[in-house]
Amino acid sequence: MNKNDGDTHQSYSEEDGNAIISTYQDVAPHLKYASDCRRVEREDRGSLGRRGDMQRVMSVPVNVIYAVAQQLGIPLSNIFGREEQKRIWSELKRPEFQGFRTTNDRKIGK
């Protein structure tokens, strides 16, 4: 993997007297990692379909979590609150984020 893969880049501009900070992160390495995890899970699960008690279900880059929080109106200073995490997690379980899943299970989390 290239040293710069997945790096976060920020840019600053001003518009109408307001400071605008834009953040960009290439999520392709995260999507590849999640895809590799799903492939390994299929290969390792075995004929009975069993796995261990604990399992990683998603690998989500922080900029995606920030974007989801922003869409939900959650200030970044509150993203670790219990209720806020539930709302973010609920949003991340939507189909448009399935590329970040590291498991093949259709039903993830509670």
- Note on the structure: Taking segment 1-40 and keeping only residues that are among the acidic types (Asp, Glu), surrounded by 10 or more Cβ atoms within 10 Å (Cβ to Cβ) and at pLDDT 80 or above, one is left with ASP26, ASP36
- Query: Here are GLU84, GLU96: which of them is out of contact with any Lys or Arg (no Cβ under 8 Å at 6 or more places or on another chain), surrounded by 11 or more Cβ atoms within 10 Å (Cβ to Cβ) and modelled with pLDDT of 85 or more?
  - Reply: GLU84
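The values are calculated or read from the model by the stated rules, or taken from the named source; none is laboratory data. This one's a predicted model, so the numbers in the text were calculated from it and none came from an experiment. A quick note on method: Cβ atoms are made from the backbone with ideal geometry, for glycine too, and the neighbour counts reach across all protein chains shown.
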